[in-house]
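The values are calculated or read from the model by the stated rules, or taken from the named source; none is laboratory data. Everything quoted here is computed from the prediction, not taken from an experiment. Here the Cβ positions follow ideal geometry from the backbone for every residue, glycine too, while neighbour counts run over all protein chains shown. With ligands, DNA and RNA removed, areas are computed over all heavy atoms of the protein, side chains included. Shrake-Rupley method; radii C 1.70, N 1.55, O 1.52, S 1.80 Å.
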Amino acid sequence: MARELTLVDSGLGNLASVERALIQVGSATQITDDPDKVATSRIVVFPGQGTFGKQTDNIVSGAMGEAMRMVIQRGDPFLGICLGMQMLFEGSEEAGGHKGLGILKGQCRRFPESMTTAEGDRVRKLKIPHMGWNEVQPSGEHYYFVHSYYVDAAESSDVMWSTTYGDITFASAIRRDNIYGCQFHPEKSQQSGLRFLRAFLLGSRQ
Amino acid sequence: MLKRRIIPCLDVKNGRVVKGVHFKGLRDTGDPVEAARAYDRQGADEICLLDITATTEGRENFVDVVRHVAPQIFCPLTVGGGIRREDDVRRLLNAGADKVAVNSAAVTSPPLIKRLAKRYGSQAIVVAVDVKRMDALPRDEEPLYEVVIHGGTRSTGLEALRWCEQVTELGAGEILLTSMDKDGTRDGYDLWITREVARRVPVPVIASGGVGSLEHLRQGLALGEGEADAALAASIFHFGLFTIAQAKQYLLEHGLPVRPPATRHAA
């Protein structure tokens, strides 16, 4: 019998599609905004859309942040998605600087303006956010991204997969022990995304 | 490298998929849930649902269509048509849409774009811009395009390029640009206006209106031609003329960066 997975509802966007994807790959899922339930969970997924700000400050300094730290420090599997992954790091330069949970070393930075890329013999201006399907290395598989900030991880050993946009190569998936994170949206990445979630679930059920 | 997107669009009326020719003479081609599922399985990069008659006739059940489609697909879902108020956007996002396209309401109330972007994030707010090329211009001038609303039935007096810049300044995260001259013709996108908008605005541009062949998709996306970030098409996919995979294959063979066709894996 699969252990029930907890989806953290911290007001950082709609959880319905993440829940749907987790159900699709066979996970029993509860959604909660109760830090006590999160703290006692054995598998936690923390999705987030949007950007660092007042809301993430409240999470980081509040009971939900504490609950998630407990899960991680106890060694239970934890997956942060998009902003949820970014929040595992020390902070963001977004809007004057905001703190993250500080579990992994590194900062979130904004993609520079006016990046270009060569395409054949022409040059194309790149837009922000980085939105759409891009590939991760080393597998070359495609996932769906939507973000203006990226994780600049301090420890390369935390970076499981990387992705390049313009001049920037960033951590598109991270892993350290029981801590997983993905910058892309697995719930929007069709079969590749579902495989990623399935691998997380299988890897977390030893 | 970030890939250009292929977006099949389902025009929806009374819960059924239709494809308008110049938004008139609709014919029924099926169930939106089934069609969206099929496109998702084929590897569409994103799916678009447009409630094509809501603006002029007004209807409620489109939210239900979105609520039924969203749980069935695992790619981004963009919806639009007939959005007047902030509340319409909230209901569509709650029903499972990832992005909402605002058209006429953006013209009649530009501050709406700003409010929506602030509340939901620019990435969720697409502004749909329908344009018509103005005729009877002096020979040597660059063409001029006007923004039209209400399914192309009403002029706005807005010049298209300036309007596109304005909506991005207000917070639009993406522009869905439809040439009303080309829509339904299967004659190809209007490449001039698509390229000009794509070069001018700092957000992605989705080309729309006029696709009749795979070559048209290529033109819409290629540098020096349409330069769009994404190509939207309806009828060439609906009527089984081409699959998404065939479109991807064609674009890859012609050097366009697109995500390769989906390979089958057990779900």
Determine if the range B:207-230 includes at least one residue that is touching a residue at least 24 places away in the same chain (Cβ under 8 Å), away from chain A (no Cβ under 11 Å) and touching a Cys at 6+ places or on another chain (Cβ under 8 Å). yes
Just give me the residues in the range A:1-27 being open to solvent by 40 Å² or more (accessible area, probe 1.4 Å), modelled with pLDDT under 95 and in a loop (DSSP other than H, G, I, E, B), in sequence order. A:Met1, A:Arg3, A:Glu4, A:Gly11, A:Asn14, A:Gly26
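Among the residues of the range B:157-186, what is the count of those that are assigned to a strand (DSSP E or B), open to solvent by less than 40 Å² (accessible area, probe 1.4 Å) and more than 14 Å from B:Val126 (Cα to Cα)? So that I can check it myself, show each step before the final result.
Residues of the range B:157-186 assigned to a strand (DSSP E or B): B:157-159, B:174-179.
Among the residues that remain, those that are also open to solvent by less than 40 Å² (accessible area, probe 1.4 Å) are: B:174-179.
Now restrict to residues that are more than 14 Å from B:Val126 (Cα to Cα): B:179.
So the answer is 1.
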Hey, can you tell me all the residues within the range B:229-249 that are farther than 17 Å from B:Val17 by Cα and either in contact with a His (Cβ under 8 Å, 6 or more places away or on another chain) or hydrophobic (A, V, I, L, M, F, W, C) (or both)? B:Ala230, B:Ala231, B:Phe242, B:Ile244, B:Ala245, B:Ala247
Members of the range A:108-124 found to be in contact with a strand residue (DSSP E or B) (Cβ under 9 Å, 6 or more places away or on another chain) and facing chain B (nearest Cβ under 8 Å), listed by number: A:Thr117, A:Arg124
Only one of A:Lys99, A:Lys125 that is surrounded by fewer than 18 Cβ atoms within 10 Å (Cβ to Cβ), among the charged types (D, E, K, R) and modelled with pLDDT of 95 or more: A:Lys99
When you scan the range B:106-118, how many residues do you find that are open to solvent by 10 Å² or more (accessible area, probe 1.4 Å) and touching a strand residue (DSSP E or B) at 6+ places or on another chain (Cβ under 9 Å)? 3
Confirm whether A:Lys105 is open to solvent by 30 Å² or more (accessible area, probe 1.4 Å), of a type in the set (D, E, K, R) and within 10 Å of chain B (Cβ to nearest Cβ). no
Filter pass, A:Val146 being without any contact (Cβ under 8 Å) to a residue 60 or more places away in the chain and out of contact with any Gly (no Cβ under 6 Å at 6 or more places or on another chain): no
Index of the failed condition, B:Glu142 passing every other in (1) in a helix (DSSP H, G or I); (2) open to solvent by 40 Å² or more (accessible area, probe 1.4 Å); (3) acidic (Asp, Glu): (1)
